[in-house]
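Only one structure is covered here, and it is reproduced in the block below.
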Amino acid sequence: MISPDQVATMIKAGLPDADVQVQDLTGGGDHYQVVVVSSDFAGRSLVQQHQMVYGAVREAMSSEAIHALALKTYTPDAWAAVQSA
């Protein structure tokens, strides 16, 4: 089992400027929903953004410490637009 804080720490290690919100979807410590806001996503496709996040948690995914990860990724501008909508 891996904690939401550990998931956030892994993502921030790969994307140091990221604002990360992690929610445990089942209470079992292996199914998470994650919102990541990072300026590193600028100019990248949604697939590329998700690949960047998956790269940061690759080890936990491959060991099945994280079984499922639902991602929402945003640039800071896109996140601001979502928040004001």
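Here, each number is a calculation from the coordinates, and none is a lab measurement. A quick note: this is a predicted structure, and the numbers were derived from the prediction, not measured. Glycine also receives a Cβ, built like all others from the backbone with ideal geometry; neighbour counts cover every protein chain displayed.
Side notes on the structure shown:
- Selection from the range 12-27 of residues that are of a type in the set (A, V, I, L, M, F, W, C), assigned to a loop (DSSP other than H, G, I, E, B) and within 17 Å of ALA70 (Cα to Cα): ALA18, LEU25
- Per the listing GLN21, GLN49, the residue uniquely within 9 Å of the chain's Cα centre (by Cα), under 17 Å from THR73 (Cα atoms) and not small (Gly, Ala, Ser) is GLN21.
- Any chance GLY55 is part of a helix (DSSP H, G or I) and more than 25 Å from GLN83 (Cα to Cα): yes
- Of the residues making up the range 58-71, just one is assigned to a helix (DSSP H, G or I), over 16 Å from VAL22 (Cβ atoms) and among the small types (Gly, Ala, Ser), namely SER62.
- Positions within the range 72-85 being part of a strand (DSSP E or B) and surrounded by fewer than 17 Cβ atoms within 10 Å (Cβ to Cβ), in sequence order: LYS72
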